[in-house]
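The values are calculated or read from the model by the stated rules, or taken from the named source; none is laboratory data. If you're wondering where the values come from, they're calculated on a predicted model, not measured in any experiment. Cβ placement follows ideal geometry from the backbone for every residue including glycine, while neighbour counts extend to all protein chains displayed. With ligands, DNA and RNA removed, areas are computed over all heavy atoms of the protein, side chains included. Shrake-Rupley method; radii C 1.70, N 1.55, O 1.52, S 1.80 Å.
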Protein chains: 2
Amino acid sequence: MNYGIMGNILRVNLRKERISVEQLEETFYRRYFGGRGLIAYFLIKELEPGVDPLAPDNKLIFVCGPVTGAMISGSGRHSVGAKSPLTEGYGEAEAGGFWGVELKRAGFDAIIIEGKAVEPVYLWVHKGEAEIMDASHLWGMEIKKSQETIRNDLKDASVKVAQIGPGGEKMVKYASVINDMNHVAGRCGMGAVMGSKNLKAIAVKGDKNVNVANPESLRQLAQWMARNVDDVAHDLHTYGTGSFMNVYEYTGNLPIHNFRDGKFLGVDSISAQAIKEHVRVGMGTCFACVVACKKEVKVEEPWNVDPAYGGPEYETLAALGSNCGVDDLKAICKANELCQKYSLDTISTGVTISFAMECFEKGLLSKEDTGGVDLSFGNAEAMVKMVEMIGERTGIGDLLAEGVKRAAKRISNGAEKLAIHVKGQEVPMHEPRLNKGLGFGYAISPTGADHIHNIYDPLFARRIPEQYKGLGVLEAVPVGDLGPKKIRLFKYVMIWRSLDNCLVMCVFPPWSVQQKVDIVQSVTGWNTTASELMKISERAINLARIFNIREGFTEEDDWLPPRFFQPKTSGALSSTAVNSEKLGKAKTIYYGMMGWNKQGVPTRTKLEELDIAWAADEMNMK
Amino acid sequence: MNYGIMGNILRVNLRKERISVEQLEETFYRRYFGGRGLIAYFLIKELEPGVDPLAPDNKLIFVCGPVTGAMISGSGRHSVGAKSPLTEGYGEAEAGGFWGVELKRAGFDAIIIEGKAVEPVYLWVHKGEAEIMDASHLWGMEIKKSQETIRNDLKDASVKVAQIGPGGEKMVKYASVINDMNHVAGRCGMGAVMGSKNLKAIAVKGDKNVNVANPESLRQLAQWMARNVDDVAHDLHTYGTGSFMNVYEYTGNLPIHNFRDGKFLGVDSISAQAIKEHVRVGMGTCFACVVACKKEVKVEEPWNVDPAYGGPEYETLAALGSNCGVDDLKAICKANELCQKYSLDTISTGVTISFAMECFEKGLLSKEDTGGVDLSFGNAEAMVKMVEMIGERTGIGDLLAEGVKRAAKRISNGAEKLAIHVKGQEVPMHEPRLNKGLGFGYAISPTGADHIHNIYDPLFARRIPEQYKGLGVLEAVPVGDLGPKKIRLFKYVMIWRSLDNCLVMCVFPPWSVQQKVDIVQSVTGWNTTASELMKISERAINLARIFNIREGFTEEDDWLPPRFFQPKTSGALSSTAVNSEKLGKAKTIYYGMMGWNKQGVPTRTKLEELDIAWAADEMNMK
C-alpha cells in the first residue's frame, strides 16, 4: 500500500474458523499509527464493556507499527493487546526479536484474534493468507519444543513463532507471549488471553518487502547509530541491562525483600557484570539493531540453563533476585529460563514470589500452604521451585498464578498491605520512594505499574540529556520533586516515550527526538514532525485511558500501594517515602495538564482537539 | 553570545537619558525566543496594569528573533510592541525590510524604550552602543526627508532608519512605524506610542555578523527556496499580494463599501495585475528573500507618487479601494504613499474612511462635519483628502484619527453599528461571513482583528496543503464550518503561524513545518523540533492573553462587530452571515482546547504546563 504500511489487517475468528483481511485508509494509519494506537482503537470499538478478559468475547491483537521492519535499530518490535486479565483494564505488552518484522513481511500490519477455538490450534500466516492449524500435539509443550515441532510440521526452519508455554495455557494471570524463544511480550497477562482462546502459537513466514520511502536517508541514520552506539549506548551494548545494580542498591533504587528493605550484600553477584564474567556465552539482538543488548547465558550445574532462552534482564535479576533476597545468579538464570519455558512475566512472577515470601515470614502462609517448601527470603531453590509451581499451577502455585492482588485478597489478614501492585499489575524494579516522577508514572499508567513509558528521574536531575532536547524541557528537576515542574517534565517525556508504543519501537537505541522524526519521515514518506508525533502518542494515551474509564476505573485507581508511603527499613531510603498529599496534588496537576477533568476523565473538548471526538461518546455507554 | 542570538538587550530611558545593556541567558531566549515572546514577557513584567498607552510609563519595544539576519527567505523582519493606544491591550506589529537585521548586526536582539523625551529626539545605535540625538529639526518631516536628513547628519548613507511621520508625531491612534521607507509595522498604533515619547526615529548601523550554527544546511534550505520559489510562491513572486481580487469579489471575500455590499464592478482595475500593467516600475524585497513580493509604483498625474514608498499591498488595495468604493488605482497608490509619508496603518485608515463614508451616506456626518468634502463612497479624491486630514489631524481628520471605535462613540446615533473593529482595531480585508475560521480568528486575537496569524479557510477546504502537513491536521474542513473540527484546525495552524511572531519570520515564503524547524536548528544550533516550537508559540499567545486579562479584557471582547451577523446586501454572501450562537460555541470549544477556563482565562495548570507559572500570579494583581 504505502511506505512503511502494508495496509492489511488480518481478522481471525477461532470459533467460526473465519479468516478475513481488512484494508484501511492511509489517514487511518497516520492517525492511529500502530501499537497502542491501533490496539486501543479496536478494543474500544469492538469489545463490550465489562467483558470477561478470559472469555471468548475478549479479543487478542498482534500489531506492528509503521517503522516495523525498516532497517534501523529499534524497529524489530510488535505489540500484543487485549483486555487484561491481570488489571481488567487496557492491556498491552511489547516484544522485540524478529516475529513482528516477519508479520509485516507476510503482508499484515496487525492480526485481530476473536473467539475461542474448540480444540487447541495455532495460526499459520504466510503469503498474505492464514490457516488455522491443529495444535493438540503442541498443547502442554514448553516453547522450545513447540517451536521445533511447528517448524518441522511446516517443513520450514525459518518460520517465526510467537507462542505460549504451559503457563499461558493454564491462564496464569501474568502469562506472557514469547516469540523467537527469548523475546517476551511480558506484561498484562496477554499469554493468559491467548491460552483462553486455545491458541498455542502464531507462526509467520514473510515473502514481501517493507517498502521505505527514502532508503538513503534511513541508511544514513542507521550508519550514525552503528558508528556511535559505543558512545551513546555503551553499557547496554557491553552488558545489556543490569550494569548499575550496585549503584541502585546504594541509592535505594533496587527493590529488596518485596520492596521492604534497603540493604542487599549480594548485589554484585547478580549484576550484568557478574553475568558477563560467569555465565554469559553470547549477546543476541533484535532485527536490524546494533545495540544488541540481549544476553545469552549457559549454566550446567546445579541446574541446566539453555542459552536458547536468552538470559535475565535487569528487571528479572532484581525481581527474582534481590527482591526475593536471592543472590544466587545461577538460580536466577534458571528461574528466568523457566519463565520463558512456561511463558511467565518475570516481573510479576518475581514480585508474586517475594510477596509470598513475606507472607511466609509473617506467618500468613505456612509450610502446609507451600507444600513443605521453606519460602524464606533468600532461599534460591524455593524461588526456582515456585516458578515451576506457578507455571504448572500446582499447589500454592495455583494461588500465586493469580497475581498478588487476588492472592492477597484470598490470604487476607493484612496480606493486602504486602501486595505491591498498581491496578493489579505488579510493580517493576525501580523505586518510587527514590524516583518520585517514576512512581507517579506507575500510579497513572493505563496498564498499571509500567517502567518503560515513564521517566527515570535521575536522567533529568542534573541536566536534560541531549537525546530529549527538542521536547521544550529546558530545566533539570531533582529526583524527589513531585511539583508542577516535575509533572510537566513527566508529561512531555512520557508522551514522547509512549510514542514508541505506537511506532512500535524500542526505547533503548538512544535516538534524539529529531532523529526519530527523521526515521518516521524516511520510512513512511509522511511529511511529519515531532509535533504531529506527540499528538499521535497523546491520542493513543487518551484512548487507553478511555478504555479503562469505560471499564469502571476511576481516579482512585491512579494510586500506589501502601508500602511506598512508608520508608524502607534500611539504607538510603530509610527516612523518606512517597507523600500521599503530594501524590494527590500531582495527580490533579497532571489531569489538568492532560486536558482531563478533576476526576481524570478526558473532556470532550480535549478529545475533539485530538481528533477522536468519537471516543467521548464511548464513555457515555457506561 | 550564541548562534542566532546576540545576547544583548538595549534599554533606553528617554526621560532620564539613561542607556544600558542587559544580557540574558541562552535558556531565556530559548523559552521566549523573540518577537511576541519577548514583548509579552517584558510588557507583563514591566508595565503597571492600566497604564495610559500614550503616557511616558508605557514602553516601546523593538525586537528581533533568533533567525533575524540569517541568510534565508523570510528572516528580514522585526517586531514593535507596546500597550496599544488603539485596543488598550497587548499591541504588536511586524515589519520586513532591512532594519531588524541591522539592529542584530549592531549587536542587539531588542531595544526597550522607556519614558518620554523632553524634546524630540532620535536614537542612534551602532557599534554595540547607543546615543540619544536631537531631532527637533526632524519633527514634522515626512519620512523620506527625515531619513535623508538623518543619513546626512550621521554622514552615512547606509544607516537603516525606523521612524514615524507626522501621523505618528500627532499620535493618530493607528499610526505605524516605518522602516526602510516602505516597510511598515502597521497595526496596533505603535507609531502613536513612538510619537508620545517624542521619539522620531531609531537609526542603526551594524558591524557584527549574525553567527549561524550550520551555514551549510542553511545554504541548502535557501537554495531550495531559490529553486522552487516560482512554483511554491508563484503569484506572490510575480504580482506581490492582490492577484486574486476578482476571485475575492466573486466569492464575497472582498470587503466593499465598509463591509456592507457584495458587488464591485471596478475590481479588475485595482488588482495586482492592473498594478503590474499600469503603474509598477519594479519589485522590491526584504533581506535575503527570494519571494520578493514588494511592489514599487510610480504615478505622475493627477498625483505624483514616489516609487521610493513602494506600492499598495492587497490589504491597502481593498481598504482604500473597494471598501471605500474607489476603483481609481492611481488614487489608491497616492493614498498608500500618503499613509507611508504620514506613517499610518493603511488597513485602519481605509476602514476608518469607509466608516466615515457610510456615516456620510446615512447623514450621521454632514458636509459641515467634513469641511465641505463630499464623502460619498467611490469619491477617490475625497478618500485621498481624508488620508491627508487624518495624517495632519485637521478638521474631521482629528476625529477619524481616533479610529472607528472612538469616532463612532463620538458621532453616536447608531454609528457604532457601522464601526467595523474587534477590540478597537479595524478589521482587515478578508470576510468573516465567508471564512468562518478566519472570522473566529479576528474575534479571539489578542491584538484585535488580525489576518496574519490566523487561518485562511479556503486553503484548507479541499485538502491540507503540503506546507502544513506535519501539524497532524489530516482532514479538510469546509470554509463555512465553525464546529470542533474547524476550531482544531484553527488552533493548530494559528499556533504554528504565530510562531512567526516569535521567530520573527515572514509567513509568505512557504516553508513547510519541517523546513522551518530545520531553519531554526541550522541557525541556532538548538536541537529543537516542531513540538518545542509549537509550545514556544503557545507560550507567547498565552502571555499576550494574560496581558489583556490583566488590563480588564474579558471573553466579551472576543467577538465580532454586528455587521458580520447580517448578510451582505448583494453577491455571494447575500444570504449567509456569521451565526452568533455558533460563534459563542466555537469560543467555548477554543478556550477548552487552549486549556483555558470557560471565561477564556488560562488556568494555572496550563501555565505550569507551558513553563510560565509566574504569569498566573500576574493575573491576580488585577
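Taking each residue as 0.36 nm, the span from A:Glu388 to A:Lys298 lengthens on full extension beyond its C-alpha to C-alpha distance by 30.5 nm. With a simple spin-label model that places each label point 7 Å from the Cα along the Cα-to-Cβ direction, the separation between B:His234 and B:Leu265 comes to 3.2 nm.
So, in the range A:172-292, how many Lys pairs have Cα atoms under 26 Å apart, if the pair is 8 or more places apart or on different chains? Lysine pairs meeting both conditions in the range A:172-292 amount to 5. When the trypsin sites (Lys or Arg not before Pro) in the range B:313-398 are filtered for DSSP coil states and for at most 14 other beta-carbon atoms within 10 Å of their beta-carbon, the remaining sites are B:Lys362.
Using the Cβ of B:Glu313 as centre and a radius below 9 Å, the other residues enclosed give a net charge of +1, where K and R count +1 and D and E count -1. Between A:Asp57 and A:Arg463, the contour length at 0.36 nm per residue exceeds the Cα-Cα span by 141.3 nm. When the charge dipole of the protein assembly as shown is built from unit charges on Cβ atoms (+1 for Lys and Arg, -1 for Asp and Glu) and taken about the Cα centre, the candidate among B:Val247, A:Leu54, A:Asn209 whose Cα reaches farthest toward its positive end is A:Leu54. Note on A:Lys417: lysines with a C-alpha under 18 Å away, same-chain residues under 8 apart excluded, are A:Lys362, A:Lys405, A:Lys409, A:Lys568. Counting Cβ atoms of other protein chains within 10 Å of each residue's Cβ and taking the mean over peptide A:468-475 gives 6.
Here the Karplus relation 6.51 cos²θ - 1.76 cosθ + 1.60, evaluated at θ = phi - 60°, turns the backbone of the range A:41-58 into coupling constants of 4, 5, 5, 5, 5, 10, 8, 6, x, x, 4, 5, x, 9, 8, x, 6, 5 Hz, with x for every Gly and Pro.
For a straight C-alpha distance cut-off of 18 angstrom, the aspartates and glutamates reachable from B:Lys330 (same-chain residues fewer than eight places away being disregarded) are B:Asp268, B:Glu277, B:Glu296, B:Glu300, B:Glu301, B:Asp306, B:Glu313, B:Glu315, B:Glu381, B:Glu388.
Per-residue shielding of B:587-596, expressed as the average number of other chain Cβ atoms within 10 Å of the residue Cβ, stands at 3. The listed peptides A:433-443, A:579-589, ordered by packing as a protection proxy, come out as A:433-443, A:579-589 (highest mean of other Cβ atoms within 10 Å first). Quick one: with all protein chains in place, what share of the accessible area of the range A:2-99 is carbon or sulfur, to the nearest percent (1.4 Å probe)? About 42 percent, which is the carbon plus sulfur part of the accessible surface. With the simple spin-label model, which puts each label point 7 Å out from Cα in the Cβ direction, the B:Lys409 to A:Asn214 separation comes to 5.4 nm. Summary for B:Arg219: label point 7 Å along Cα→Cβ; distances to the equivalent points in the other copies, ascending, 2.5 nm. Given a 1.4 Å probe and the protein chains as shown, A:Trp139 ends up with an accessible area of around 80 Å².
A label point on B:Thr569, set 7 Å along the Cα-to-Cβ line, lies at 9.1 nm from each of its counterparts in the other copies, closest listed first. Taking Cβ atoms as reference points and 10 Å as the exclusive limit, the residues near B:Tyr41 contribute a net charge of +3, counting Lys and Arg as +1 and Asp and Glu as -1.
Note on B:Ser575 and A:Glu48: their simple-model spin labels are 5.0 nm apart, each label 7 Å out from Cα toward Cβ. Taking a point 7 angstrom from the Cα of B:Lys155 along the C-beta vector, which residues in the range B:183-222 have backbone N less than 19 Å away? Under 19 Å, as judged by backbone N against the label point of B:Lys155, lie B:203-207 of the range B:183-222. Phi-derived couplings, Karplus 6.51 cos²θ - 1.76 cosθ + 1.60 at θ = phi - 60°, listed residue by residue for the range B:151-166: 4, 5, 4, 8, 6, 8, 6, 9, 4, 9, 10, 10, 7, 10, x, x Hz, with x used for Gly and Pro. Per-residue Karplus couplings for the range A:22-32, computed as 6.51 cos²θ - 1.76 cosθ + 1.60 with θ equal to phi - 60°, are listed in order as 10, 10, 10, 6, 4, 5, 4, 5, 5, 7, 10 Hz, Gly and Pro entered as x. Plainly put, the tip 7 Å out from Cα toward Cβ on A:Asn620 is 3.9 nm from that tip on each other copy, the closest given first. Residues whose amide H comes within less than 5 Å of that of A:Lys295, counting only those at least five positions distant or on another chain, are A:Gly284, A:Gly311 (H built at 1.01 Å from N in the peptide plane). Accessible area per residue was computed with a 1.4 Å probe on protein heavy atoms; B:Asp231 scores about 130 Å².
In a reduced charge model with +1 at each Lys and Arg Cβ and -1 at each Asp and Glu Cβ, the protein assembly as shown shows a dipole moment near 740 debye about its Cα centre. Count Lys and Arg as plus one, Asp and Glu as minus one, and take only other residues whose Cβ is under 9 Å from that of B:Arg539; the net charge is then 0.
Which of the pairs B:Lys485/B:Lys606; B:Lys436/B:Lys585; B:Lys436/B:Lys582; A:Lys16/A:Lys116 have their Cα atoms more than 19 Å apart in this structure? Result: B:Lys485/B:Lys606 exceed 19 Å. Here is how the number arises for chain A: DSSP H runs of 4 or more residues each give -39500 (n - 2.57), the sum is divided by the residue count, and the result at 222 nm is -11000 deg cm²/dmol.
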